Every structure is written in C-alpha cells, then in structure tokens.
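Note sheet for the following structure.
The values are calculated or read from the model by the stated rules, or taken from the named source; none is laboratory data. Keep in mind the model is a prediction, meaning the values are calculated, not measured. We place every Cβ from the backbone using ideal geometry, glycine too, and count neighbours over all the protein chains shown. When the accessible area is computed, the model is the full protein with side chains, heavy atoms only, and any ligands, DNA or RNA have been set aside. Shrake-Rupley method; radii C 1.70, N 1.55, O 1.52, S 1.80 Å.
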Amino acid sequence: MVIPGEAPFFSHTTTDRAGTHERPSRILLVDDDAPLRRTLPHVLAQPGRRFEECGTVADAIAQLEHNRYDLILLDYRLPDGTGLDVLDWLANAGRPEAVVMISGEDAIDAAIGALRRGADDYVRKPYHVAQLQRAVQNVLHKALLEQANGVMSQRLKSSERLHRYLVESSPDFIFTLNPSGAFNYVNPRVEAMLGYSREQLLGKAFTTLLLDDDAIRVEAMLREAARGKRMHQVLELRLRRCDPNSGQPGASTVTVTLNAVPIHGRNAGDNNAAPAGIYGVARDISERKRAEEIITFQAYHDQLTHLPNRILFKDRLELAIAQAQRRGGLLAVMFIDVDRFKRVNDTYGHSEGDRLLRVLAARLKETLRKGDTLARLGGDEFTVLLPDIAHPEDAETIAQKIHAALAAPFQLEHGDFHVTASIGIAVFPRDGDVAEQLTQHADIAMYQIKREGKNGFRFFDPDLNAHYRERISLENDLRSALQRNEFSLCYQPQISMASGRLVGLEALLRWQHPIHGQIGPTAFIQVAEEVGLIREISHWVVDTATAQLADWHARGHAALRLSINLSSQDFDRDDTIDRVADCVARYGLAQDRFEVEITERVMMRDTADVIARIRRLRECGVGISIDDFGTGYSALAYLQKFPVSSLKIDRSFVNNLNGQGTQPIISAITGIARGFGLHLVAEGVERPEQAHRLKDLGCDTMQGYLFSRAISADDVSRWLDAPPLPPGALSLPASTQEA
C-alpha cells in the first residue's frame with residue numbers, strides 16, 4: 001500500500017504479491033544454428049516466457065541496443081565473433097541481463113572466461129534438455145529475486161528519504177532523547193523556534209530548556225514515557241529561547257504543546273523491555289496563545305480605553321462583595337457620567353470625543369487606589385469599585401479627588417475643553433448586597449445629580465429609589481395613554497378688559513390617569529420628552545385643538561383666538577410643524593387665530609432650522625406667541641429674527657406688580673408690543689387690583705383665576721353664548737366661576 005505523498009519517491013514498476021513482474025520474461029537466443037533457434041523455444045516454453053532470436057554478435061548487439069531482456073542464451077562460437085564479445089558489450093553498457101553461455105568447447109578456459117565476464121551459468125554441448133531447462137529456470141528465478149530485492153531496497157531508501165524529509169521539514173520541533181533524557185537528535189526547526197544550532201543541543205538534557213514550574217510536569221511525563229507508557233494528554237509548557245549573547249537558555253520563552261512517546265527496539269512487543277529512547281514533538285502555539293489573550297482581553301475590556309468593561313466590573317464587584325461579607329467590611333460603587341459630553345461629539349466629531357474619553361480615563365485612574373477598579377460601561381459612563389473602605393466618607397473623598405482632577409481643561413485639537421462629571425455613590429451593605437442592585441442605586445443617585453444641575457456627587461437615598469420606581473410606572477402608563485384615550489384639553493379664557501368679552505383661550509393638556517386621577521403637564525411632559533413620546537402627544541394636541549377652534553368659529557365666534565404649547569423638541573423636526581400647517585389649512589382657520597406658544601429657550605437656540613420652521617408657521621397663518629416674555633434673556637434682536645405675533649407677560653411680574661422695578665418692566669413690554677404691532681396678554685391675574693393696574697399700564701387682554709380656571713370645551717361654549725361682561729366689571733357668572 002502506498003501512503004499519501006509516498007508515490008513520487010518510487011518507480012512505477014508494477015509487481016504481484018510475491019514481488020515478481022507481472023509482465024512476461026523476454027529471452028534472447030543467440031546462435032548461428034537456425035534449426036536449434038527454432039527448437040529451443042519449444043523445449044524451454046513455459047507460461048510467461050517470450051523468445052526472440054538472432055545468429056550473430058552484430059545482430060545480438062543491435063537488438064540489445066533497442067530492447068531489454070531478462071535472459072540471453074548465448075552460443076560461444078558465432079560467425080562474426082564469440083559470445084565473450086557480447087558479454088563485454090553488456091558489461092561496458094552496464095546492462096543487467098542474465099546470461100547462460102552454451103558452448104561446445106572442451107577447454108576449461110572457455111567456461112572460466114565466460115563466468116568472469118558475467119555469465120550466470122555455463123552449459124556444455126552436448127547437453128541434456130533437462131539440464132538446460134534447470135539452468136534457464138535457476139537463472140530466471142535468481143534474476144527475479146534480485147529484481148524483487150532491488151525493488152524492496154528502493155522502497156526502503158525512498159521511505160527513508162520521505163520520512164527524513166517530513167521530519168527535517170516539519171514546522172514542529174521534533175527530537176529524540178536517549179534513556180537518560182539527553183538530546184540525540186533534533187530537527188532543523190529548533191534553530192528558527194528557539195535559536196539554538198543542532199550542535200548546541202545534542203547531548204544536553206531536555207530539562208535545561210524548561211522553566212522551573214514546567215520542569216516538574218515534564219519530568220513526570222518523561223518518566224511515564226521511559227516506562228513505555230504513552231501520554232495521551234498534550235502538555236502545554238514554555239521552552240526557553242537561546243540568549244544570543246551567552247548561547248545559553250535565556251529569559252525569553254516560546255509556548256509549545258509537547259507530546260512524548262517511547263521508542264522501542266527489537267523487542268517492541270515486550271512490555272517489560274525498557275525503551276531505547278523517547279520521541280518528542282513540540283508545536284509552537286505562541287501565536288495562538290497571543291490570539292487567545294487578545295480575544296480574552298477584548299471580551300472583558302473596553303476597546304477604546306482598555307479599561308475593564310461591564311462584564312469584568314460585575315465579576316470583580318461580586319468577588320469584592322463576597323470578601324466584604326466574610327470580613328464584615330464596607331465597599332462603595334460609584335457611577336460617573338460626563339456632563340455635556342454629547343456636545344463634544346456633535347461639535348468636534350466622534351474622533352475628538354474618543355480622544356477625550358481616553359485622556360479622561362487616564363485622569364480618573366490616577367485618582368484611585370491600587371486595588372480599586374475603574375470600568376467603562378459605554379458612551380461617557382464609568383463605574384468605580386472601591387473595596388475595603390473604612391467609612392462611607394472615604395468614597396466622598398475619592399469623589400472630591402475626581403472633581404479636582406477634572407478641574408484642569410482637556411487639550412483637544414480645536415482648543416481647551418472643560419469637563420465636569422456627575423457622580424452617584426452606593427455603599428455596601430447599606431444600599432444593597434448584590435452587584436446589580438449596588439450599580440443600579442449608584443446610577444439613580446447620579447441621575448439625581450444630573451437633575452439638580454450636574455457637576456456634583458451624592459449618595460444613594462432610598463427615597464430616590466421610590467421616586468424612580470414611580471417614574472418607571474409613569475413611563476409605562478404614559479406609553480398606552482393615547483391608545484386608552486386618557487388625554488384631554490381644557491381651556492383657560494383670555495378676557496378683554498375693554499369689551500368684557502372672551503377673546504382668546506390657552507389650551508392646556510390634562511391626563512386622566514386611571515389610578516392617580518387628573519395629572520397636569522408638568523408631571524409628565526418631561527418624561528414624554530425623555531422617552532420619545534412627545535411627538536405623538538403634540539400631534540394629538542394639534543389635531544384636537546384645531547378641530548375645536550374650527551367648531552367654535554363655525555358657531556359664529558370667528559374672532560376667537562386659541563393658543564397651544566409645543567415642546568422645544570417639536571422645533572427640531574418638521575413633522576409636527578407639517579401637522580400644524582396641514583390642520584390650519586384643512587379647517588381654513590383665519591390669520592393668527594390659531595397660535596403656537598414658544599419659550600425663550602427655543603428662541604435662544606437661534607439656529608437656521610428653528611427660524612425656518614417658525615417662519616413657515618407664520619406663512620401658513622399661524623400666530624407665534626412668546627410665553628413668559630421678560631423672564632429669560634430676552635433681546636429685541638429676537639423680535640426681529642423671529643416672526644412673532646404675540647407676547648405674554650409672565651405671572652411673576654403680575655404677582656410682584658408693586659415690587660421695585662416691576663411696573664417699568666411691564667410698561668416697557670407694553671411699549672415693545674405696541675412698537676412691533678404685537679398682541680399682548682398678561683397671565684396669572686388673580687386679584688382685581690392687578691387687573692386694573694395692568695389695564696392702566698396698557699395691557700388689555702388677561703387670563704388668570706380672577707376670571708376663570710381652565711375649563712372644558714362645553715363650558716367655553718356656554719361662556720361664548722353668554723352676554724359679555726360690562727366694561728370694567730371683573731366678576732363672572734357663578735356657573736363659570738365654579739367651573
């Protein structure tokens with residue numbers, strides 16, 4: 001059987017099971033006696049024999065030049081020479097044909113000369129047929145045996161060349177050890193793998209290449225192999241590379257897998273016989289180990305900052321909790337969120353944001369103790385594990401160090417950037433006894449700092465947890481409020497002091513919660529903005545308010561104005577603006593009868609997109625009212641940039657109407673409204689003297705509890721159908737006041 005890769009080392013001669021040729025034996029008869037040449041083939045005929053003939057030395061040589069034969073029956077005397085001439089030619093040509101010399105010569109010298117020149121046998125005439133048959137049979141058999149032996153020798157040589165090639169060219173370090181454990185063969189791979197020449201290792205003990213902790217395991221393995229027992233497991237160890245300066249094993253190592261088996265001699269079947277040595281194969285797995293280390297590192301570390309990730313942080317926190325429980329100690333978890341980090345990405349790009357995070361991680365790490373763990377959870381969120389603290393105040397000290405470390409500006413490509421951070425702290429076991437709970441409570445404390453103005457730290461408070469549970473419940477209920485038709489609009493009247501009529505309304509959103517009852521917008525609008533529900537709510541408000549205003553106009557109150565409040569997020573996209581424009585066009589609402597109130601917060605953003613969306617509303621006939629005018633950073637330039645139609649005097653000015661400087665501010669606002677031709681409304685009017693004073697200062701339209709609380713659409717309809725108030729009268733019908 002030929003093994004894969006063995007065939008190229010052998011000839012393509014085909015042999016039978018006995019090693020003999022399957023092709024017939026070719027026999028050449030060289031004799032000048034023609035009748036004899038015709039007779040001998042019949043006398044010597046056997047299966048597998050084929051005969052050819054010729055009668056002279058020249059003919060014999062001519063045929064030999066073109067053919068190969070297994071046997072030549074050669075007559076001594078030929079017309080043009082002797083059979084010795086043919087033997088000489090065969091010897092000079094290095095031909096392997098067997099020769100039986102047939103001669104009638106009586107002298108012994110003829111036989112001696114033939115045998116010396118390479119004849120395999122000599123038959124004298126006259127001969128018995130059986131004698132010639134035996135001679136031919138013996139010579140052919142001998143030739144076949146020699147050929148079979150040659151084939152086997154060639155096989156052995158080829159096999160040796162093949163296996164030597166495989167061993168010498170192997171990418172593995174292959175070696176053999178004598179019974180005492182010293183090298184007596186190493187393949188060339190050792191030079192590239194370990195830096196030793198073959199001569200440096202021959203005769204040296206294998207254990208000289210091992211580190212101390214690996215040597216014990218290898219010695220046990222070699223002892224088992226020396227007893228004749230094959231080790232089935234693969235041993236992973238480190239081999240010391242050659243120090244180029246000293247030529248001795250150095251500190252650098254190569255990680256390999258080693259397998260060693262005993263080498264048995266002639267008594268391989270004797271289990272009690274000691275092996276003649278040990279055969280070992282060491283495979284370099286350094287690249288694989290490095291790849292495994294990289295994969296493991298990536299699985300447990302953040303790729304940007306190389307800090308531990310969420311998985312590794314949780315693992316270390318669980319271990320620290322177990323140790324703290326045994327010792328009765330404390331530990332703290334800090335949740336850190338970088339304030340205003342999104343601004344860096346939005347302004348300078350994510351590459352600058354990544355650079356900031358790397359430098360920030362380095363600064364944070366410098367503030368911690370050696371046994372502390374800083375991890376990046378993702379984005380701009382970091383967590384810190386502080387094990388073995390003596391008091392909760394120790395965590396406060398670390399938080400202060402973190403804020404101090406962030407005080408210096410960070411150098412970015414486009415200039416300096418000042419970073420602040422919000423930090424929440426949870427302490428074990430006071431704030432939780434499991435990893436997930438501690439991290440969650442630190443996160444809750446951090447978000448409370450965010451709500452309180454950022455750039456600070458605070459410890460977790462159980463009341464915060466209750467608040468966040470309520471918030472999550474509120475979020476869940478809010479998601480289905482539209483589907484359950486739980487929202488409604490109520491309307492606060494705006495009264496003209498000159499005419500005593502209801503001239504306008506502000507639509508206010510209410511949520512009729514199935515458990516908590518009616519909830520005002522301040523309790524849920526911010527939540528809706530954070531969870532992404534404000535768009536759907538704003539669309540519902542626009543649809544409901546425009547439809548209601550169109551209904552009142554159809555009843556004959558065409559001069560009635562209605563304003564709604566939109567979220568600042570509604571001006572970041574076009575869909576809500578499109579919804580307002582479509583509804584105004586669908587119901588045919590007159591110019592400025594439907595208003596959208598915006599805050600100074602929207603005006604201060606002062607972006608081209610925001611201004612374009614507000615201008616589009618004005619072009620569609622929608623009024624733009626600035627709510628709480630004068631309380632922020634109002635500037636006359638905003639009134640030029642933004643196509644405003646109305647101003648609303650904030651209730652803070654109305655409440656402090658007699659305060660120092662308030663009346664001049666209101667006078668200035670009324671003057672601005674007149675100068676720009678803007679409609680003016682005062683909100684929060686609760687007392688008659690406030691109404692009279694506002695009227696004297698030039699404000700005619702007012703809203704507030706003095707006139708009415710926010711009422712339903714049906715109550716508004718009844719009000720619109722009622723007679724107007726007498727000019728200057730401030731009391732309303734009892735039914736309306738109660739509503």
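Output the residues belonging to the range 647-663 that are outside any helix (DSSP H, G or I) and hydrophobic (A, V, I, L, M, F, W, C).
647, 649, 657
Name every residue in the range 480-500 that is modelled with pLDDT of 90 or more, open to solvent by 30 Å² or more (accessible area, probe 1.4 Å) and either closer than 19 Å to residue 565 by Cα or of a type in the set (Lys, Arg) (or both), in order of residue number.
Hits for the range 480-500 are 484, 488.
Name the strands (runs of 3 or more DSSP E) wholly within the range 501-606 that hold at least 2 residues that are out of contact with any strand residue (DSSP E or B) (no Cβ under 7 Å at 6 or more places or on another chain), β-branched (Val, Ile, Thr) and open to solvent by 40 Å² or more (accessible area, probe 1.4 Å)?
It comes to none.
Looking at the structure I just gave you, is residue 250 crowded, with 16+ Cβ neighbours inside 10 Å, of a type outside the set (Val, Ile, Thr), more than 30 Å from residue 433 (Cβ to Cβ) and at pLDDT 85 or above?
no
What do you reckon, is residue 142 within 30 Å of residue 27 (Cα to Cα) and open to solvent by 30 Å² or more (accessible area, probe 1.4 Å)?
Here the answer is yes, as residue 142 does meet what is asked.
In this structure, is residue 305 modelled with pLDDT of 95 or more and under 26 Å from residue 400 (Cβ atoms)?
no
When both residues are 6+ apart or on different chains and their Cβ atoms are under 7 Å apart, which pairs have a first residue that lies in the range 92-107 and is on the phi > 0 side of the Ramachandran plot and among the aliphatic types (A, V, I, L, M), and a second that is surrounded by 21 or more Cβ atoms within 10 Å (Cβ to Cβ) and not in a loop (DSSP other than H, G, I, E, B)?
Here the result reads none, with nothing in the range 92-107 linked to a residue that is surrounded by 21 or more Cβ atoms within 10 Å (Cβ to Cβ) and not in a loop (DSSP other than H, G, I, E, B).
Could you identify the single residue in 614, 577 that is under 23 Å from residue 532 (Cα atoms) and within 41 Å of the chain's Cα centre (by Cα)?
Among 614, 577, only 577 is under 23 Å from residue 532 (Cα atoms) and within 41 Å of the chain's Cα centre (by Cα).
Scan (1) over 17 Å from residue 324 (Cβ atoms); (2) in contact (Cβ under 8 Å) with a residue 60 or more places away in the chain; (3) open to solvent by 10 Å² or more (accessible area, probe 1.4 Å) for the single condition residue 429 breaks and write down its number.
Failing condition for residue 429: (1).
Cβ-Cβ below 6 Å, separation at least six or inter-chain, first residue in the range 573-593 and among the aromatic types (Phe, Trp, Tyr), second open to solvent by less than 60 Å² (accessible area, probe 1.4 Å) and at pLDDT 95 or above: which pairs?
Hits for this filter: 587/546; 587/550.
Note down all Cβ pairs under 6 Å where the first residue falls in the range 142-162 and is more than 19 Å from residue 71 (Cβ to Cβ), the second is among the acidic types (Asp, Glu), and they're at least six residues apart or on different chains.
As it stands, the answer is 162/6, since those pairs meet every condition given.
Report yes if some residue within the range 219-239 is open to solvent by 80 Å² or more (accessible area, probe 1.4 Å), at pLDDT below 85, touching a strand residue (DSSP E or B) at 6+ places or on another chain (Cβ under 6 Å) and outside any strand (DSSP E or B); otherwise report no.
Checked the range 219-239: at least one residue is open to solvent by 80 Å² or more (accessible area, probe 1.4 Å), at pLDDT below 85, touching a strand residue (DSSP E or B) at 6+ places or on another chain (Cβ under 6 Å) and outside any strand (DSSP E or B).
Would you list the strands (runs of 3 or more DSSP E) that sit entirely within the range 360-417 and hold 2 or more residues that are surrounded by 14 or more Cβ atoms within 10 Å (Cβ to Cβ) and more than 29 Å from the chain's Cα centre (by Cα)?
381-389
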